[in-house]
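Engineer: I have a structure I would like to understand better, so I am pasting it below and will then ask my questions one at a time.
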Amino acid sequence: KFDLQQPTGRLNGRADYDFSMAGGAPRLRVSDLQLQLSGLRLQRRAANQPLARLQSLALEDGSFDLDGNRVRIGRLRASGGALHAVRHQTLLDWDGIVRGTAAAEQPPDDAPAAPFSVKVDAVEVAEVTIQFEDLDQARPLHVGLGELSLGFALQAQRQGEGVELQLGDLKAELKQLSLTQADAPEALLTLDRTVLQGGTVDLAGTRLALDELQVQGGRVIVERDARGGLNWQRVWTSQGTEADAAAANPWQLSLQRFSLADFGAVATDHGASTPVTLNLVPIGLQLGAFTSPPQGPMDFRLDATLHEGGRLSAQGQANLAGPSVTADLDLTDITLLPLQAYIADFARVSLNSGRAGLKGRLEFAPGNGGARFSGSARVDDLAVTEKTGGATLVAWQALQASGLALAPGGLDIKEVALERPAGKFIINQDMTTNWQDTLISTPAKKAAPGRAATPQPDFQVQVGRVRIRDGALNFGDLSLKPQFRSDIHALNGSIAGISTASGARASADLKGRVDEFGSATIKGELQPGAPQEFTDILMAFQNIDLSHLTPYSAKFAGYKIDSGKLSLDLGYKVQKAQLQGNNQIIVDKLTLGEKVESPDAINAPLELAIALLEDANGRIEIGLPVSGDLNEPQFSYGHLIWKALGNLITKAISAPFRALASALGVADEGLDSIAFTPGDGVMSPPEQEKLATVVKMLAARPKLALEIQGTYSQTADGAAIRTLALHRTLLLRQGVKLRPDEAPGPLSLTDSDTQQAVEALFGERFGAAALASEKQSLKAKPEAGRQAALTERLYRQLLEKEPLAPDALPQLARERAQAMASYVAQMQQLPANRLKVVEPAEAAQASEQVVASKLNLSATP
């Protein structure tokens, strides 16, 4: 019985037949059978739409031989119809057309009959549409076929309990094939036109052999959800039904040629901060001979254009049995703008432009441990800007990596050429950087419990050479007041031997310009993977405008800089984390500006330090060695430099003559003072030579002025002046006349004239009674030495009480200062404005033999 409504349609036919009962058995032969069926409609009783509609079905040149169980049809043609099928609970609605009934027992055959066979020379189907609905999927699926045209030859024969079916001369054309999920706004897959040229089907042998399959036009939609799953993974998900077990005799498929043209793909990733959509159109694909199960390599070629920008092609061989792939890749001008959605998750930057390219050979085989690539890569017109303000963070015109070899164990690049790179590095007021500002902090993910990960071998990276042309860097330090900015541009050079391998050393040779007229050079070697183990780098900066460094001078020196030029040779040598730095600093024509209050400034008169260090040509040359342990937590190279420079300045100011002598290669033998004989204001020749040395040194330091200060000693000079005055008085009493500038010299207290003069002067100053008392006190002494002892006692008392004028000592100091100043003036090497005589003072250093007058150095106004 059939679960069908009354079929509709009209059947016409004609045939020739021959029927006989010869031999007692019926014999029937039908020939020239012609059948025409039109308007056929099949619909199940409770269905809302027909299972099949067919405008025309024609059978031509048919024959039937009942005796031989043979059916032959010349042509079977169907056209203008529609088929509809629904799958539900693993069954097709077509399966329910025939209602099951108990099979009637068949009497045994008297004799075995010939196997039943059918042969159709040509089956033709034209303009038939097909609609299929699969309700067993978690999300119901609809497959639609706008128009089907099909042709093949058929041959079937019953063998035992089975049927041998073979199709040959397969030809087909499918138009507007679509695959759509329920409630979806658009189809997941569309194929505009699919053409099959040639093929065979062997049902018993489960073999399908196709000659050529062509697909023209169409589109596929691929989506990735936030969890990383693909939409196509969920298309064939059934609602709880189990898949049938694999067939005992799986089908074998072979396809000689496949081509896909004018195809499109829309890929959307919902896992980024904002969905990213890429449109590949058109896509072209050609495949060579293909078999399933795979038996050997298959040729392929893929060409595609990215609507957002870029082209890609791949050509080579793939072996699905391996699997293995060998392909020549060519990616050109692939836009990088879609990466903005991924960058936004961890950085506040804007990727404004960028195009990538890749060209080379890709190889993958399980035995090689993974994929390998050799060729070249490039990124052009990259521009990454800060989200706030839009300033360039990093950019370049072109980056070309040639001789690139990527393997599971590492990356090897022969050369990287970087054209017009540009960057920005700013130190903020809180000592963070602009690069830190761009980063978005994300909570660290907790490691999943389980076994410890298997240690992986280190991934080694090696770059033979990096060439840089016309680079630029904008540097700023906003932590200073005023803030500092500088531009390094026209940076050219190369870096060779970059490698993460242990012990590998890279060499650098870079040159650039700083601001308008300055230059920078970087040369040397280091271990890229462990610079603390070995570094030997020289950084040289020439002709840097010092006015741009005012922020640093204000912070660390307490002065602004009006003008000047700076040259630096900074030498970094590191071995085993121990730094030995040898730095040379040259400053030309330095002019300080206004003084600035800064808690970090050196507490020292900077003008004097500059005057001490600056030569006659306006140049300051400083050798500044530094050392340190890089393992120290608080290690800072900049701190070491400033500390060393501060120590140098402090030492120079605290001992200026020593610093000056050291700078000029002169022996430092008390150059900061001139020694005088007590009571005397005349310089000795050795002291004149010392002063001459000082004057000659000052000739090499034109910004230094000499300060002369005459000094006196209360004890040494006081005693000397009293002695001279007493001797003059005693000589005068003896009738000796001295010139005004003549020294009285020593006296002989055993001389009778001197003894008489002493007694007379004592009597005048202390009285006759005092003199008589002194004589009486010595009567007990022997007469031979009595007079000498008396004279000695009287002399000491006279000397002790010798009057000293109130201005005698300061006047002596003034004479000493005048003597020094006159001598300097006589040399005619020090301008008058660089010589200053200051008020006299009591000497800080004096002895019975010498009194030292002080020399000081100061900066000229």
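Engineer: Do we find that residue 49 is surrounded by 17 or more Cβ atoms within 10 Å (Cβ to Cβ), more than 25 Å from residue 117 (Cβ to Cβ) and either of a type in the set (Val, Ile, Thr) or over 60 Å from the mean Cα position of the chain (by Cα) (or both) in this structure?
Structural biologist: Values: surrounded by 17 or more Cβ atoms within 10 Å (Cβ to Cβ): no; more than 25 Å from residue 117 (Cβ to Cβ): yes; either of a type in the set (Val, Ile, Thr) or over 60 Å from the mean Cα position of the chain (by Cα) (or both): yes.
No, not satisfied.
Engineer: For the range 329-349, which positions are polar (S, T, N, Q) and modelled with pLDDT under 95?
Structural biologist: Narrowing the range 329-349 to residues polar (S, T, N, Q): 332, 335, 340.
The answer is 340, and nothing else.
Engineer: Here is a follow-up. Can we say residue 290 is within 28 Å of residue 370 (Cβ to Cβ), surrounded by 15 or more Cβ atoms within 10 Å (Cβ to Cβ) and modelled with pLDDT of 95 or more? Lay out the reasoning, then the answer.
Structural biologist: Working: within 28 Å of residue 370 (Cβ to Cβ): yes; surrounded by 15 or more Cβ atoms within 10 Å (Cβ to Cβ): yes; modelled with pLDDT of 95 or more: no.
No.
Engineer: Still on this model: Failed condition for residue 63, given (1) surrounded by 16 or more Cβ atoms within 10 Å (Cβ to Cβ); (2) within 28 Å of residue 146 (Cβ to Cβ); (3) in contact with a Ser or Thr (Cβ under 6 Å, 6 or more places away or on another chain), with all others met?
Structural biologist: So residue 63 meets the others, but not (2).
Engineer: Further question: Do any residues in the range 182-199 that are in contact (Cβ under 8 Å) with a residue 40 or more places away in the chain have Cβ atoms under 6 Å from those of residues that are in a loop (DSSP other than H, G, I, E, B), where the two are at least six apart or on different chains, and which pairs are they?
Structural biologist: Partner pairs satisfying both residue conditions: 182/139; 182/140.
Engineer: Of all helices (runs of 4 or more DSSP H) completely enclosed by the range 767-836, which ones contain at least 3 residues that are touching an Asp or Glu at 6+ places or on another chain (Cβ under 9 Å) and either hydroxyl-bearing (Ser, Thr, Tyr) or at pLDDT 90 or above (or both)? Steps first, please.
Structural biologist: Numbers: elements: 768-776, 783-800, 808-827.
Once the helices (runs of 4 or more DSSP H) in the range 767-836 are filtered for at least 3 residues that are touching an Asp or Glu at 6+ places or on another chain (Cβ under 9 Å) and either hydroxyl-bearing (Ser, Thr, Tyr) or at pLDDT 90 or above (or both), what remains is 808-827.
Engineer: Report, ordered by the first and then the second residue, all pairs with beta carbons closer than 6 Å, sequence separation of six or more or different chains, a first member in the range 140-156 that is modelled with pLDDT under 95, and a second member that is small (Gly, Ala, Ser) and part of a loop (DSSP other than H, G, I, E, B).
Structural biologist: Going by the 6 Å Cβ cut-off, the qualifying pairs are 140/182.
Engineer: Name every residue in the range 300-328 that is outside any strand (DSSP E or B) and either under 25 Å from residue 279 (Cβ atoms) or at pLDDT 95 or above (or both), in order of residue number. Spell out the reasoning first.
Structural biologist: Residues of the range 300-328 outside any strand (DSSP E or B): 307-310, 320-323.
307, 308, 309, 310 - these are the residues of the range 300-328 that are outside any strand (DSSP E or B) and either under 25 Å from residue 279 (Cβ atoms) or at pLDDT 95 or above (or both).
Engineer: Same structure again: Please tell me if residue 158 is of a type outside the set (Val, Ile, Thr) and closer than 18 Å to residue 258 by Cβ. Spell out the reasoning first.
Structural biologist: Working: of a type outside the set (Val, Ile, Thr): yes; closer than 18 Å to residue 258 by Cβ: no.
Spelling it out, it is not the case that residue 158 is of a type outside the set (Val, Ile, Thr) and closer than 18 Å to residue 258 by Cβ.
Engineer: Looking at the range 354-363, which of its residues are surrounded by 18 or more Cβ atoms within 10 Å (Cβ to Cβ) and on the phi < 0 side of the Ramachandran plot?
Structural biologist: 355, 356, 357, 358, 362
Engineer: Do any residues in the range 269-282 that are touching a residue at least 12 places away in the same chain (Cβ under 8 Å) have Cβ atoms under 7 Å from those of residues that are aromatic (Phe, Trp, Tyr), where the two are at least six apart or on different chains, and which pairs are they?
Structural biologist: Pairs found: 272/342; 282/263.
Engineer: Going by what's in this entry, would residue 778 be described as under 24 Å from residue 679 (Cα atoms) and either touching a Cys at 6+ places or on another chain (Cβ under 8 Å) or aliphatic (A, V, I, L, M) (or both)? Break it down into steps so the answer makes sense when it comes.
Structural biologist: Details: under 24 Å from residue 679 (Cα atoms): no; either touching a Cys at 6+ places or on another chain (Cβ under 8 Å) or aliphatic (A, V, I, L, M) (or both): yes.
The answer is no for residue 778.
Engineer: I would also like to ask the following. Return the residue satisfying two criteria in turn: it lies in the range 642-661 and is closer than 18 Å to residue 586 by Cα and surrounded by fewer than 16 Cβ atoms within 10 Å (Cβ to Cβ), and of such residues it is modelled with the lowest pLDDT.
Structural biologist: Taking the range 642-661 as the starting set, the residues that turn out to be closer than 18 Å to residue 586 by Cα are 642-649, 652, 659-660.
Within this subset, residues satisfying the condition of being surrounded by fewer than 16 Cβ atoms within 10 Å (Cβ to Cβ) are 643, 647.
Values: 643: 59, 647: 66.
Among them, the one singled out is 643.
Engineer: Could you pull out the residue among 218, 199 that is within 26 Å of residue 92 (Cβ to Cβ), of a type in the set (Gly, Ala, Ser) and assigned to a strand (DSSP E or B)?
Structural biologist: Values: 218 fails: within 26 Å of residue 92 (Cβ to Cβ).
Just a single option satisfies the conditions, and that option is 199.
Engineer: Moving to a separate point now. Restricting to the range 483-506, name every residue that is surrounded by fewer than 16 Cβ atoms within 10 Å (Cβ to Cβ) and among the polar types (S, T, N, Q).
Structural biologist: 483, 492, 502
Engineer: With (1) crowded, with 16+ Cβ neighbours inside 10 Å; (2) hydrophobic (A, V, I, L, M, F, W, C); (3) within 19 Å of residue 223 (Cα to Cα); (4) touching a strand residue (DSSP E or B) at 6+ places or on another chain (Cβ under 7 Å) as the list, and residue 281 as the residue in question, which single condition is left unmet?
Structural biologist: Unmet for residue 281, out of (1) crowded, with 16+ Cβ neighbours inside 10 Å; (2) hydrophobic (A, V, I, L, M, F, W, C); (3) within 19 Å of residue 223 (Cα to Cα); (4) touching a strand residue (DSSP E or B) at 6+ places or on another chain (Cβ under 7 Å): (1).
Engineer: Quick one: which residue in 261, 272 is crowded, with 16+ Cβ neighbours inside 10 Å, in a loop (DSSP other than H, G, I, E, B) and either among the hydrophobic types (A, V, I, L, M, F, W, C) or in contact with a Ser or Thr (Cβ under 9 Å, 6 or more places away or on another chain) (or both)?
Structural biologist: From the options 261, 272, the qualifying one is 272.
Engineer: Among the residues of the range 823-832, are any surrounded by 12 or more Cβ atoms within 10 Å (Cβ to Cβ), in contact with a helix residue (DSSP H, G or I) (Cβ under 9 Å, 6 or more places away or on another chain) and within 19 Å of residue 679 (Cβ to Cβ)? Quick ask: steps written out before the conclusion?
Structural biologist: Here is the first cut: in the range 823-832, the ones surrounded by 12 or more Cβ atoms within 10 Å (Cβ to Cβ) are 823-825, 827, 829-830.
Then drop every residue that is not in contact with a helix residue (DSSP H, G or I) (Cβ under 9 Å, 6 or more places away or on another chain), which leaves 823-825, 827, 829-830.
Applying the additional criterion that residues be within 19 Å of residue 679 (Cβ to Cβ) yields none.
Scanning the range 823-832 turns up no residue that is surrounded by 12 or more Cβ atoms within 10 Å (Cβ to Cβ), in contact with a helix residue (DSSP H, G or I) (Cβ under 9 Å, 6 or more places away or on another chain) and within 19 Å of residue 679 (Cβ to Cβ).
Engineer: Check whether at least one residue in the range 749-766 is at pLDDT 85 or above, outside any helix (DSSP H, G or I) and among the basic types (Lys, Arg), and report yes or no.
Structural biologist: Scanning the range 749-766 turns up no residue that is at pLDDT 85 or above, outside any helix (DSSP H, G or I) and among the basic types (Lys, Arg).
The values are calculated or read from the model by the stated rules, or taken from the named source; none is laboratory data. Please read all numbers here as calculations on a predicted model, not as lab measurements. FYI the Cβ positions are ideal-geometry reconstructions off the backbone, even for glycines, and counts take in every protein chain you see.
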